[in-house]
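Asks: One structure is given below, represented as structure tokens, and several questions about it will come after.
Each value in this text was obtained by applying a stated rule to the coordinates, not by laboratory testing. This one's a predicted model, so the numbers in the text were calculated from it and none came from an experiment. Here the Cβ positions follow ideal geometry from the backbone for every residue, glycine too, while neighbour counts run over all protein chains shown.
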Amino acid sequence: MRSMRTGSIASMANVQIRDVPEDVHRRLKAQAAMSGQSLNDFLRGRITELARAPTVSEIAERIRARGPYEGPPSAKAIRDDRDRR
């Protein structure tokens, strides 16, 4: 892959997965074909999604960083909604 700005070649790592069960391999190939992609492109996309998704601990940290909820109690919001009906 050539960078348009510098003309240099971008380095990309290779990943090899061994001992994939045959039924799994067939299913992945079928999914790739159904999406109009090669198996390599399909798996690269899925691995990229997996790597970029936040982990459970990252999500927990985001929640902790928000601080306590300071809005109205949910029971009040429900009661107000019912009263408007």
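Asks: So which helices of the chain fit the span-like rule, where a helix is a whole DSSP H run, its Cα atoms reach 15 Å or more along the axis, and its mean Kyte-Doolittle is at least -0.5?
Replies: Those that pass (Cα extent of 15 Å or more, hydropathy at least -0.5) are 39-52, 56-66.
Asks: GNM, the chain, Cα, under 10 Å: largest mean-square fluctuation among ALA53, ALA65, ALA13?
Replies: For the chain, modelled as a Gaussian network with Cα springs under 10 Å, the answer is ALA13.
Asks: Let me have the 222 nm mean residue ellipticity of the chain computed from DSSP H runs of 4+ only, each contributing -39500 (n - 2.57), with the sum over all residues rounded to the nearest 500.
Replies: Taking each H run of at least 4 residues, the total per residue is -17500 deg cm²/dmol.
Asks: If you take the beta carbon distance between ALA33 and VAL56 as r and set R0 to 41 Å, what does 1/(1 + (r/R0)^6) give as a FRET efficiency, to the nearest 0.05?
Replies: Here the calculated transfer efficiency is 0.80.
Asks: For the chain, with the dipole built from +1 on Lys and Arg beta-carbon atoms and -1 on Asp and Glu ones, taken about the Cα centre, which of PHE42, VAL24, ALA77 lies farthest toward the positive end?
Replies: Of the options given, the answer is ALA77.
Asks: Could you point to the label whose value was computed as mean projected area of the Cα convex hull in nm² for the structure here, given (1) 6.4; (2) 8.1; (3) 13.1?
Replies: (3)
Asks: When a/c is below 1.5 the answer is rounded, else prolate if a/b is larger than b/c, else oblate, so apply that to the range 22-65 with a ≥ b ≥ c taken from the square roots of the Cα gyration tensor eigenvalues.
Replies: Numbers: a/c = 4.48, a/b = 2.92, b/c = 1.53.
Judged from the Cα gyration tensor, the range 22-65 comes out prolate (a/c at least 1.5, a/b above b/c).
Asks: About its Cα centre, what dipole magnitude does the range 22-65 give when the only charges are +1 on Lys and Arg Cβ and -1 on Asp and Glu Cβ, stated in debye to the nearest 20?
Replies: Charge dipole, the range 22-65, about its Cα centre: 60 debye, nearest 20.
Asks: Here's a follow-up. For the range 7-50, which trypsin sites (Lys or Arg not before Pro) are both in a DSSP coil and crowded by at most 12 other Cβ atoms within 10 Å?
Replies: Working: sites: ARG18, ARG26, ARG27, LYS29, ARG44, ARG46; in loops: ARG18.
Answer by residue number: ARG18.
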